[in-house]
1. Taking residue 14 and the conditions (1) touching a Phe, Trp or Tyr at 6+ places or on another chain (Cβ under 7 Å); (2) free of Cβ contacts under 8 Å to residues at least 40 places away in the same chain; (3) among the charged types (D, E, K, R), which numbered condition does it fall short on, given that it satisfies the others?
2. Can you spot a residue in segment 265-276 that is surrounded by 19 or more Cβ atoms within 10 Å (Cβ to Cβ) and at pLDDT 90 or above?
3. Tell me which of these residue 122 doesn't satisfy, since it passes every other one: (1) within 16 Å of residue 99 (Cα to Cα); (2) in contact (Cβ under 8 Å) with a residue 40 or more places away in the chain; (3) among the charged types (D, E, K, R).
4. Determine whether residue 82 is part of a strand (DSSP E or B) and either buried (at least 16 other Cβ atoms within 10 Å of the Cβ) or not assigned by TED's automatic domain parsing to the domain that holds residue 250 (or both).
5. Between 66, 56, which is under 21 Å from residue 103 (Cα atoms), touching a helix residue (DSSP H, G or I) at 6+ places or on another chain (Cβ under 7 Å), without any contact (Cβ under 8 Å) to a residue 60 or more places away in the chain and surrounded by 17 or more Cβ atoms within 10 Å (Cβ to Cβ)?
6. Got at least one residue in segment 129-150 being in a strand (DSSP E or B), touching a Lys or Arg at 6+ places or on another chain (Cβ under 7 Å), in the same structural domain as residue 52 (by TED's automatic domain parsing) and hydroxyl-bearing (Ser, Thr, Tyr)?
7. Filter segment 14-55 down to the residues that are of a type in the set (Ser, Thr, Tyr) and more than 20 Å from the chain's Cα centre (by Cα) and list them by number.
8. How do the pairs read when you match residues in segment 72-94 that are basic (Lys, Arg) with residues anywhere that are part of a loop (DSSP other than H, G, I, E, B) and surrounded by 20 or more Cβ atoms within 10 Å (Cβ to Cβ), using Cβ under 9 Å and keeping only pairs 6 or more apart or on different chains?
Amino acid sequence: MSTKFLYVTDCHNRSEKDLPKSRSDNYYKSVLAKQEEIGEIIEKRNVQCLLFGGDLFHHFDPPMGLVNDVAAIWRKYKVNSIIGVIGSHDYNGYQVATLRRTGVGNFLTHDMWKLVGNDAQELFPKWLAYENVWITGTQHSAGLADKPENFATAIQPESTIPHLIIQMVHGDLFPTHCVWPHQKIDDIHPYITADIVLSGHIHSGWLSPIHRTNLNASTKTTMYINPGSIGRTSIGKVRPIRVVLITVEDASVDIEYITLKNVIEDPFIEKSDIAEGSPITDFSQLMQLISTLELKQTDFKAHIPKIVEEICGDSPYVKIVMDRVFEVLDQQKEH
């Protein structure tokens, strides 16, 4: 008998008074429609457990009307369990105690959700079991990207029977190098014992699962998966808005990406262009060019636009990359 999980992440629900400037449609209604569609997928595919990767709302203290609108949809989901992990927007100042006055806290108070994570206060468990699968979580926290081992959750199942482990992570996890504080998959991998790592926070996601051999996992392989946010707020190329269906049967695992129907499809977009990056996840060339410059701090920023444009060419991501580089530089200057 198979057990089906559906993974969804980064809804970033926002009210009609807080619509992203980069959207030409009504983001509030669009994201609600996507969540309605998720309910349809749950029923059609007989999903038993919904996994959520964090950032249900864009603000930790959303308007009560928005909380009620979202809760009305999630309450109708016909699943046996909903298990989530805290995202960077779900609580205030990385303090777990603030959950009681957040939008996610409303879901917890009314027993709509369960949370897993590594919080030091142990307000929620490090792992929960659903059928023969162990669900673990690493919530977003200050300093998460400082060390690769921070992304791991070590658990000891209560039985000697090999159990499949699914771990959810909300943090700056990338397949390759990027310019801001982060960890790469290959760097955290030695600390991972899970068979599947479901990542959130990086809205662009990855086009397909990334496989790594792992003798510590029950399937001897770890799949790293990030389908991307179901809400698209960045200016750039259209990407598929997807959720992931995970079917577990005995020792076998099947992964299926499901693209939400209500997203307008552009017939002129090539499949190779679909992976809306972070927007570019490999910044090694950028950093090499920067490192060759002998610049004073006062004139450093003036050279950034030329370097980014040289690498990105006519890419629509030029402004996004440039803004992010400036943001990181400003953060470093503050510290």
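The values are calculated or read from the model by the stated rules, or taken from the named source; none is laboratory data. Please read these numbers as outputs of a predicted model, since none were measured by experiment. Cβ: placed from backbone, ideal geometry, glycine included. Neighbour counts: every protein chain shown.
1. Unmet for residue 14, out of (1) touching a Phe, Trp or Tyr at 6+ places or on another chain (Cβ under 7 Å); (2) free of Cβ contacts under 8 Å to residues at least 40 places away in the same chain; (3) among the charged types (D, E, K, R): (2).
2. The answer is no; no qualifying residue exists.
3. Here residue 122 clears every test but (2).
4. yes
5. So the residue among 66, 56 that is under 21 Å from residue 103 (Cα atoms), touching a helix residue (DSSP H, G or I) at 6+ places or on another chain (Cβ under 7 Å), without any contact (Cβ under 8 Å) to a residue 60 or more places away in the chain and surrounded by 17 or more Cβ atoms within 10 Å (Cβ to Cβ) is 56.
6. Yes, segment 129-150 has at least one match.
7. 15, 22, 24
8. Note: pairs meeting the criteria are 78/47.
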